[in-house]
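As structure tokens, the structure follows; a few thoughts come after it.
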Ligand SMILES: [Zn+2]
Ligand SMILES: [Zn+2]
């Protein structure tokens, strides 16, 4: 591996920032302290910045030479509403909040690159360092775009990175095309008619209707969607009733749908609605049907993926780069940026969890797990990738 040597020299400083952010996790659009840490460092290193996009977003701007070319590097900053089980020194100081997705590490890796780029002249053009709030369900990327990110910071392409537990440290994964799924949610309420449970003939039982709908929905992926297209329909909540002897008025069905294409998503949504409405109609009940499209699928652009592939092959060697990494049905709001600009998103291996300090929780080191911790060995690797990408994309 050909890391950028000076980055290794300030590993301890970047690691301290990472652990400080880990100890002070903040949720969607509340990343005020994190944004203050980021902007204080950018200021210390003499990097001009734009603040306040999507409330807590920060964009550092480094210009060199005369070229009008520009690229964006994006890191997310937010944490999750969950209780950390780790007991090591940098464990969360905020009850019920935790950096369990490694966004502390993403922020630190980009700061590592910023520190290096601020001191070097090896590129010609503009680098936008995008520190984004609210990836975990808040759509911070979309808000930054709506508030003028790409007008105020015109760039030719945008790049993102996520740590990937279970993938060996020092390796990367990438693929052209669909890499992460669209994320969508549904809230469906069956409106029947309550009655005494001993007199069902006087009511319209929404529980029985909800169960029929739930069963029929499971035919959509198996019978309507092309078997060669990935799709998930998970019904995760059914709520109804409050007593053993009362038929309730209504029942609700809640869950998520994941797909890699809008066509498949359109199909699933329309089949779900038709099944829900027709089933309810057959029993003289009604349905409130709410289907929300949260994040689009994350689609890597062909040309930028090839570019990144070359940069990563030079950095870690082709044997450490999985160019056909398995896509995931998880979602990521960087997808909004890739809808607006060409670019590429990569996975960086976070290892199996052996890096965790003593005092970690006993659970696996997986994303969104209370025993997770970002692997600090990635800091110089991820930062080196950002630096080499900038130098290759904006050659002198
Ligand atoms: Zn996450
Ligand atoms: Zn994440």
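Just so you know, all these numbers are worked out from the coordinates, no wet-lab data involved. Nothing here was measured: the structure is a model prediction, and the numbers come from that model. Quick reminder, even Gly has a Cβ in these numbers, built from the backbone with ideal geometry, and neighbours come from all protein chains shown.
Do we find that residue 185 is touching a helix residue (DSSP H, G or I) at 6+ places or on another chain (Cβ under 7 Å) and either surrounded by fewer than 20 Cβ atoms within 10 Å (Cβ to Cβ) or in a helix (DSSP H, G or I) (or both) in this structure?
no
Just to be sure I understand, how many residues within the stretch 348-396 are more than 16 Å from ligand 1 (Cβ to nearest atom), part of a loop (DSSP other than H, G, I, E, B) and under 20 Å from residue 16 (Cα atoms)?
Count: 10.
Restricting the search to the stretch 122-152, which residues are within 15 Å of residue 70 (Cα to Cα) and surrounded by fewer than 19 Cβ atoms within 10 Å (Cβ to Cβ)?
Hits for the stretch 122-152 are 122, 124, 150, 151, 152.
Of all residues in the stretch 366-396 being over 30 Å from residue 306 (Cβ atoms), within 16 Å of ligand 2 (Cβ to nearest atom) and surrounded by fewer than 24 Cβ atoms within 10 Å (Cβ to Cβ), which is nearest to the chain's Cα centre (by Cα)?
368
Residue 268 - would you say it is over 30 Å from residue 78 (Cα atoms) and more than 16 Å from ligand 1 (Cβ to nearest atom)?
Spelling it out, residue 268 is indeed over 30 Å from residue 78 (Cα atoms) and more than 16 Å from ligand 1 (Cβ to nearest atom).
Might you check whether a residue that is assigned to a helix (DSSP H, G or I), out of contact with any strand residue (DSSP E or B) (no Cβ under 9 Å at 6 or more places or on another chain) and free of Cβ contacts under 8 Å to residues at least 40 places away in the same chain occurs anywhere in the stretch 223-241?
Checked the stretch 223-241: at least one residue is assigned to a helix (DSSP H, G or I), out of contact with any strand residue (DSSP E or B) (no Cβ under 9 Å at 6 or more places or on another chain) and free of Cβ contacts under 8 Å to residues at least 40 places away in the same chain.
Counting just the residues of the stretch 110-136 that are within 13 Å of ligand 2 (Cβ to nearest atom) and in contact with a strand residue (DSSP E or B) (Cβ under 7 Å, 6 or more places away or on another chain), which one comes out nearest to residue 379 (Cα to Cα)?
Here the answer is 132.
Filter the stretch 126-162 down to the residues that are assigned to a helix (DSSP H, G or I) and under 18 Å from residue 78 (Cα atoms), then identify the one that is farthest from ligand 1 (Cβ to nearest atom).
It comes out as 145.
List the number of the failed condition for residue 78; all other conditions in (1) surrounded by 17 or more Cβ atoms within 10 Å (Cβ to Cβ); (2) away from ligand 2 (no atom under 16 Å from the Cβ) hold.
(2)
Can you find a residue that is assigned to a loop (DSSP other than H, G, I, E, B) and at positive phi anywhere in the stretch 307-325?
Yes, that holds for at least one residue.
Go through the stretch 21-66 and report how many residues are under 18 Å from residue 109 (Cα atoms), in a loop (DSSP other than H, G, I, E, B) and out of contact with any helix residue (DSSP H, G or I) (no Cβ under 7 Å at 6 or more places or on another chain).
Here the count works out to 2.
Is it true that residue 170 is touching a strand residue (DSSP E or B) at 6+ places or on another chain (Cβ under 8 Å) and more than 16 Å from ligand 2 (Cβ to nearest atom)?
Yes; evaluated as a whole, the condition is true for this residue.
Based on this model, can you work out whether residue 265 counts as under 30 Å from residue 172 (Cβ atoms) and touching a strand residue (DSSP E or B) at 6+ places or on another chain (Cβ under 9 Å)?
In short, yes.
So which of 210, 181, 214, 198 ends up being in contact (Cβ under 8 Å) with a residue 12 or more places away in the chain and more than 35 Å from the chain's Cα centre (by Cα)?
Exactly one residue qualifies, and that residue is 198.
Do you know which of the residues in the stretch 67-109 that are within 12 Å of ligand 1 (Cβ to nearest atom) and part of a strand (DSSP E or B) is farthest from residue 136 (Cα to Cα)?
Filtering first and then ranking leaves 98.
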